[in-house]
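Encoded as structure tokens, the structure appears first; notes follow it.
Read-outs throughout are calculated quantities, based only on the coordinates presented, and are distinct from any laboratory measurement. This one's a predicted model, so the numbers in the text were calculated from it and none came from an experiment. Glycine also receives a Cβ, built like all others from the backbone with ideal geometry; neighbour counts cover every protein chain displayed.
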Amino acid sequence: MESLNEAIARWTEQGELHTTAIPDLALFRRQEPTEPISGLYEPSVCLVTQGAKVVKFGDESLVYDAQHFLITAIHMPTLVQVTEASREKPYLGLRLKLDLREVSQLMLDSNLPKPRTQHTSRGMATGEVTPQLVDAFRRMIALLDDPMDIPIMAPVVQREIIYRLLTGDQGERLRQIASTGSQGSQIARAIDWLKGNLSHPLRIEDLATKVNMSTSTFHHHFRTLTAMSPLQYQKMLRLNEARRLMLAERVDATTAAFNVGYESASQFCREYGRLFGAPPLRDINRLRQTSVAA
């Protein structure tokens with residue numbers, strides 16, 4: 001772990017986020033703890049080499065650190081907080097996005113051994129960091145020093161990382177999400193529809209039908225995976241997208257609210273304030289000031 005930690009520290013010396021030449025790999029540094037920040041996790045694996053972070057979704061919380069990686073098999077709206085970080089020992093970590101098609105292909109191409117015991121049925125979980133996983137990430141980051149090697153070698157190492165995840169203690173969940181026709185895969189399809197149709201009214205019966213499930217079965221498995229009801233999940237998606245629109249595209253709060261499907265601007269402002277801790281204008285101004293200061 002020490003050599004991986006040193007590599008991440010070197011590549012993040014100039015800032016908190018380093019997007020690398022390897023597709024879907026990002027490195028992070030934080031020099032102090034943060035307030036809870038709302039965001040959307042994509043299917044990915046996150047590894048911390050120093051410090052710790054808490055991720056909250058629904059009514060649940062997960063802590064990951066140098067002993068525990070975080071794996072997300074579906075898109076998950078969350079609240080994220082760095083809890084251990086300082087100038088002397090900054091929070092250091094990485095995120096590798098997972099392409100579930102590549103996961104499925106490896107499952108088809110390989111006679112995989114059975115995964116170790118699964119500890120959760122959620123779409124997001126923590127797992128035990130193993131020396132094999134750390135070594136694979138170390139070799140992946142080492143490729144950044146030899147850019148000519150990345151197109152050939154990075155996919156090879158990424159395939160090894162996926163293999164380690166599929167055969168590890170959270171492998172069963174990843175297999176179920178990536179398996180076409182499984183209940184996990186059906187819920188993932190429903191989530192894709194929600195992400196692509198934010199402004200549309202949500203009728204649970206219609207969405208269940210789209211993914212070939214009964215309404216009761218759909219509702220049960222959706223909550224099992226996400227720790228949220230479909231309506232709660234949609235609200236988190238809508239509020240996060242509205243925040244992005246106001247921050248990145250500089251639209252006003254009312255326009256952002258209507259763009260993501262709210263019919264009442266006052267309801268939008270109330271729910272936005274509950275999630276982000278401040279009304280839209282104050283929150284966006286704070287984010288812009290923080291960005292300038294950084």
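Summary of computed values
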{"quantity": "Within the chain: Cβ-based charge dipole about Cα centre, in debye rounded to nearest 20 (Lys, Arg +1; Asp, Glu -1)", "calculated": "660"}
{"quantity": "Percentage, to the nearest whole number, of Cα pairs in region 232-293 over 16 Å apart", "calculated": "36"}
{"quantity": "Packing-based ranking, highest mean first, of 23-33, 133-143 given that Cβ atoms within 10 Å are counted", "calculated": "133-143, 23-33"}
{"quantity": "Selection from 176, 103, 220, by position along the positive dipole direction of the chain (Cβ)", "calculated": "220"}
{"quantity": "Calculated FRET value between residue 288 and residue 111, using beta carbons and R₀ = 45 Å, to 0.05", "calculated": "0.30"}
{"quantity": "Inter-label distance, nm, simple model (7 Å from Cα along the C-beta direction), residue 145/residue 212", "calculated": "5.0"}
{"quantity": "Cα shape, region 2-177, gyration tensor, a/c 1.5 rule", "calculated": "oblate"}
{"quantity": "Inter-site label distance for residue 205 and residue 6 at 7 Å from Cα along Cβ, in nm", "calculated": "6.4"}
{"quantity": "Beta bridges per DSSP with both ends in the chain, % antiparallel, nearest 5", "calculated": "100"}
{"quantity": "Globularity index of region 120-194, i.e. its alpha-carbon radius of gyration over 2.2 N^0.38 Å", "calculated": "1.34"}
{"quantity": "Modelled FRET efficiency - R0 22 Å, residue 101 with residue 193, Cβ distances, 0.05 increments", "calculated": "0.80"}
{"quantity": "Total charge dipole magnitude, region 1-95, about the Cα centre, Cβ charges on Lys, Arg, Asp, Glu only, Debye to nearest 20", "calculated": "100"}
{"quantity": "GNM flexibility winner over the chain from 243, 87, 101 (Cα, springs under 10 Å)", "calculated": "87"}
{"quantity": "Gyration tensor verdict on the chain (Cα atoms; rounded if a/c is under 1.5, prolate if a/b is larger than b/c, oblate otherwise)", "calculated": "oblate"}
{"quantity": "Dmax and Rg, reported as Rg then Dmax, of region 49-105 (C-alpha, Å)", "calculated": "13.3, 43"}
{"quantity": "Cα gyration tensor, region 183-294 - rounded (a/c under 1.5), prolate or oblate", "calculated": "prolate"}
{"quantity": "Dipole in debye (nearest 20) - region 2-177, about Cα centre, beta carbon charges: Lys, Arg +1; Asp, Glu -1", "calculated": "360"}
{"quantity": "Cubic angstrom per residue, convex hull over Cα atoms of region 179-230", "calculated": "71"}
{"quantity": "Estimated FRET transfer efficiency when R0 is 22 angstrom, pair residue 63-residue 130 (beta carbons, to 0.05)", "calculated": "0.75"}
